[in-house]
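These notes concern the structure reproduced below.
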Amino acid sequence: MRNSRIVGVGHFVPDQVVSNQDLEKLMDTSNDWIIERTGISERRFFDHTKDTCANMGARATKMALERAHVDASEIDLIVFATITPDYMFPGSGVLMQRELGLDKKTIAAIDIRNACSGFVYGLSIADQFIKTGMYKTVVVVGAEIQSSALEFSDRQRHVSVIFGDGAGAAILQASDVAGKGILSTHMHADGTFAEELYVRDPGSSRKREERLTADMLDEVSIKAHMNGNLVFKHAVVRFMEVIAEALQANGKTKEDIDLLVPHQANLRITNFIQQKLQLDESKVYSNIQRYGNTTAASIPIALSEAWAEGKIKENDLVCLAAFGSGFTWASALIQW
Ligand code: UT7
């Protein structure tokens with residue numbers, strides 16, 4: 001049976017560090033509140049003169065290719081996960097294809113917009129294409145520029161303090177080594193809660209003649225609406241379920257996990273999962289303290305840093321788990 005293996009991971013984060021103290025100057029918030037409720041100390045914001053969603057994805061991909069000793073020309077497919085694309089359309093995948101000089105090769109680019117679950121959804125898509133034999137080398141990217149859509153005001157402070165910018169990438173390749181690589185992926189969605197974490201405008205379904213109107217600029221409707229408490233409550237339940245599902249599907253137990261890399265939503269969520277699973281702290285990766293919640297980018301950035309720090313070694317059992325807008329949630333179990 002053909003497997004897909006992650007042969008390289010990489011990331012890119014913008015240079016600009018924004019601390020909680022910086023945010024204190026912009027709205028009624030405090031370093032203490034942010035740390036206590038989210039665990040975040042600082043995040044990165046993009047530089048509009050040089051960083052775009054697609055080129056941050058490209059820079060993360062280049063690092064992943066280099067670490068994998070794979071040439072960009074070997075890539076057969078791009079899967080690009082973001083909810084903050086460069087344009088309304090086309091998606092950022094084709095822009096990254098061009099940036100990497102792969103436009104002449106006309107390889108396919110798929111864009112997915114499953115928010116915080118986007119990277120794990122993308123991994124699942126890539127895995128299916130490799131397992132069926134259609135493609136040999138696939139890059140999965142998660143990239144976000146959240147900062148340009150945030151409102152630094154008291155009415156939006158519960159949203160603005162959480163999010164940050166960044167990108168991460170994984171190179172997947174076909175392998176015939178039995179029992180190694182992506183063992184399984186598990187995806188779920190429940191549209192009942194679509195409006196509990198969403199950006200409404202400019203959407204096409206508001207029974208307005210025009211999609212974008214001048215009065216929208218003052219409305220919160222063009223900013224992220226998040227029912228934080230409800231999202232939190234669902235997140236902790238779904239994270240636990242989808243991790244259990246991945247373990248059960250492969251006849252593994254929580255004791256077999258070498259590293260759990262959860263979506264970096266909120267340190268309190270991660271700590272809850274760690275304690276419920278009774279995993280040692282060293283087995284659950286967290287970098288939300290430095291980057292905030294980077295939505296689709298959070299898992300690949302974490303994977304890339306964990307790998308560089310020597311926390312992921314050959315043959316380790318790595319579990320990825322995500323939850324976010326939709327609601328969508330997903331997991332992947334990987335024998336590295
Ligand atoms: O990425 C995937 C999806 N997202 C998530 O998983 C996020 C899940 N939710 C959360 O992480 C948390 O709900 C938040 C961090 C967003 C909010 O934390 P919370 O503990 O749920 O706060 P809250 O909304 O219940 O608000 C508690 C209090 C309120 O004041 P009162 O009414 O008790 O006086 C808020 O007005 O904290 C206030 N508050 C703030 N105070 C200082 C809300 N945001 C802030 C802020 N600074 N930034």
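None of the figures in this text is laboratory data; all of them are computed from the coordinates on show. None of the values given here were measured: they were computed from a predicted structure. Glycine also receives a Cβ, built like all others from the backbone with ideal geometry; neighbour counts cover every protein chain displayed.
A few points about this structure:
- Loop-located GluC sites (Glu not before Pro) in segment 1-109 (DSSP state not H, G, I, E or B) with no more than 16 neighbouring Cβ atoms inside 10 Å do not occur.
- Translational diffusion of segment 182-335, µm² s⁻¹ [Kirkwood Rh, Cα pairs; Stokes-Einstein; 20 °C; 1.002 mPa s]: 127
- Gap separating the Cα centres of segment 9-64 and segment 191-220, nearest whole Å: 26
- Based on Cα contacts under 8 Å between residues 6+ apart, the chain shows a relative contact order of 26 percent.
- In order along segment 26-43, the Karplus-derived 3J(HN,Hα) couplings, from 6.51 cos²θ - 1.76 cosθ + 1.60 at θ = phi - 60°, round to 9, 7, 7, 9, 8, 3, 4, 4, 5, 5, 5, 8, 10, x, 7, 9, 7, 9 Hz, and Gly and Pro are given as x.
- Restricting the trypsin sites (Lys or Arg not before Pro) of segment 1-49 to loop positions (DSSP other than H, G, I, E, B) with no more than 10 neighbouring Cβ atoms within 10 Å leaves Lys25.
- Descending principal axes extents, segment 139-255, alpha-carbon based, whole Å: 58, 31, 30
- Distances between placed amide hydrogens fall under 5 Å for Gly166 paired with Glu144, Gln146, all partners being 5 or more residues away or on another chain.
- As a ratio to 2.2 N^0.38 Å, the alpha-carbon radius of gyration computed for segment 85-198 takes the value 1.27.
- Listed residues Ile107, Asn266, Ser30: farthest to the positive end of the dipole of the chain (Cβ charges): Ile107
- Compactness check for segment 3-178: Cα Rg over 2.2 N^0.38 Å is 1.12.
- Cα coordinate range in segment 259-336, projected on the principal axes (Å, largest first): 34, 25, 23
- Only the Cβ atoms of Lys and Arg (+1) and of Asp and Glu (-1) were treated as charged; on that basis the dipole of the chain about its Cα centre amounts to roughly 660 debye.
- Under 5 Å from the amide H of Asp111 lie the amide H atoms of Phe80, each residue being 5 or more positions distant or on a separate chain, with H modelled from the backbone and absent for Pro and chain starts.
- Restricting the calculation to alpha carbons of the chain gives Rg and Dmax of 19.1, 58 angstrom.
- Phi-based couplings in Hz for segment 247-252 (Karplus 6.51, -1.76, 1.60; Gly and Pro marked x): 5, 4, 4, 10, x, 10
- For segment 273-336, the set of GluC sites (Glu not before Pro) satisfying both a DSSP loop assignment and a count of at most 10 other C-beta atoms within 10 Å is given as Glu309, Glu314.
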